[in-house]
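Reviewing the structure listed below.
The values are calculated or read from the model by the stated rules, or taken from the named source; none is laboratory data. A quick note: this is a predicted structure, and the numbers were derived from the prediction, not measured. Because the Cβ atoms are built from the backbone with ideal geometry, glycine has one as well, and the counts that use them run over all protein chains shown. The protein model used for the area step is the full one, side chains on, heavy atoms only, and it has no ligands, DNA or RNA in it. Shrake-Rupley method; radii C 1.70, N 1.55, O 1.52, S 1.80 Å.
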Amino acid sequence: SQSYMSDVHHSSDNTYGSPLSGSSGVDDSNELRNVLRELEIKLMEESEIDDSSSCSVNNVVGQPVFSTRENRVVQMAHTMDLKQLLLACAEAVSNAEISTAQGLMNELEQRVSISGDPIQRLSAYMMEGLRARLLSSGSIIYKKLKCKEPTGPELMSYMHFLYQICPYFKFAYMSANVVIGEAMEHENRIHVIDFCLAQGSQWVSFIQALAHRPGGPPFIRVTGVDDSQSVHARGGGLDVVGQRLANVAASCGVPFEFHGAALSGCEVELENLKVQHGEALAVNFPYMLHHMPDESVNTMNHRDRLLRPIKSLSPKVVTLVEQESNTNTAPFYPRFCETLEYYTAMFESIDATRPRNDKQRISAEEHCIARDIVNIVACEGADRVERHELFGKWRLRLAMAGFVPCPLSFSVGNAIRDMLKEYSSNYWLVDRDGALYLGWKNRALATCSAWR
């Protein structure tokens, strides 16, 4: 699985991200609800619930009987705002108070809207995640949604739209490219390993910049790590990206070679990367490492298993861009609260750019963001692939693998600040603790850092 933070660039045929479901926003929301209802009915038919418990029993079809305390909570639902209602519902789900959660969801259903204000839109997706979790069907729903991927061109179109209206992708590309460019300023043979290659668009501008280097361009080799999700999005294997980049390099007069590693990050071994003696090595992790399970999920601890071998290659620089959110090992309810806060800021930033009934925005949010939200809320264990960590945790993890931080030059921040002039003044950028933080209003959303 890929995050919504994936490869996008200047044209609709150079975009990529992770889908939610099919190609029609309204139809797919209805289909998701139908799937959830079927599972709910099945669960109720198979469950034997004690009348004396706080769980629901039916005296009228579809009408749960509540305990006194639960009844008070549900009766208060109409006085709550959407955020309070979501948090109350999440708490009920966390405490396995089935009837309370169902009653609160009934109220939520009357208020959410995928064409409403930011909290109404976000609540629609978080509610479906809660329902899936309540039914212990999170992984079933997530896998079903994954099977309902839009076509490659549709997916690219959704991601291109987000690329145009939000700075998150450009932040990842531009910051990493400036850092790598400065580290390789005097190198004649450069090898870049990109662990989220997707369409390869990030390296088009990098190759073009190398063409103008005083004294002539260096030789550059790009190794792209890939997975089946990227293959679906671009409608072909790594050879599609390699040929495209080769054409760009040839047009610029830059000596170029491409190597593809059609593997997920968890499958990569050092021999797959084809590192050669005499190359100056750069490794790029753009919104990718949070998909790698750590020691809390798998004894293999794929995050550390990948970082330590990369360090053994003695890279000249490693760039890391990640969402600034704490959803990896947090228990369910704190994780839900964190997700609500994080994506409220993100939905508000999107809302500032387009009308609320904009069909492109609805599709982009559904196909490129909402599935991640459902995964965070509904899934556990290996089925939960969206496992973000705060920069402080990444810093400790990289230090334990033997990396030391590389200070970011003023050029990196200046490039991002110039880019942000195209967007709302509510975006901000600060240099803190050895990383650049990109945020919206009072919430940090992403960080960029460099290591060696």
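Among 196-207, 421-432, 116-127, how do they line up from the highest to the lowest mean number of other beta-carbon atoms within 10 Å?
My ranking of the peptides, most packed first, is 196-207, 116-127, 421-432.
Starting from the Cα-Cα distance between residue 337 and residue 271, subtract it from 0.36 nm times their residue separation and give me the gain in nm to one decimal.
19.6 nm
Between residue 109 and residue 208, what FRET efficiency comes out of the Förster formula 1/(1 + (r/R0)^6) with R0 = 35 Å and r the beta carbon distance, rounded to 0.05?
0.10
In what sequence, highest mean first, do 279-286, 164-171, 107-114 appear when ranked by Cβ atoms within 10 angstrom?
The packing order, highest mean first, is 279-286, 164-171, 107-114.
How large, in percent, is the carbon and sulfur part of the accessible surface of the stretch 160-250 at a probe radius of 1.4 Å?
About 54 percent, which is the carbon plus sulfur part of the accessible surface.
Summarise the accessible area of the stretch 331-411 (1.4 Å probe, protein heavy atoms) by the percent that is carbon and sulfur.
Values: 1870 of 3010 Å².
Percent of accessible area from carbon and sulfur atoms in the stretch 331-411: 62.
Label-point separation (nm) for residue 187 and residue 352, each offset 7 Å from Cα along Cα-to-Cβ?
Between residue 187 and residue 352, the label points sit 3.6 nm apart.
Provide the per residue accessible area, probe 1.4 Å, for the stretch 242-314, rounded to a whole number of square angstrom. Present the calculation step by step, with values, prior to reporting the outcome.
Working: 3290 Å² over 73 residues.
Ligands and nucleic acids excluded, the figure is 45 Å² per residue.
Pairs 274/393; 83/421; 393/421; 170/393; 83/393; 421/441: which exceed 21 Å Cα-Cα?
Where the Cα-Cα span goes over 21 Å, the pairs concerned are 274/393; 83/421; 393/421; 170/393; 83/393.
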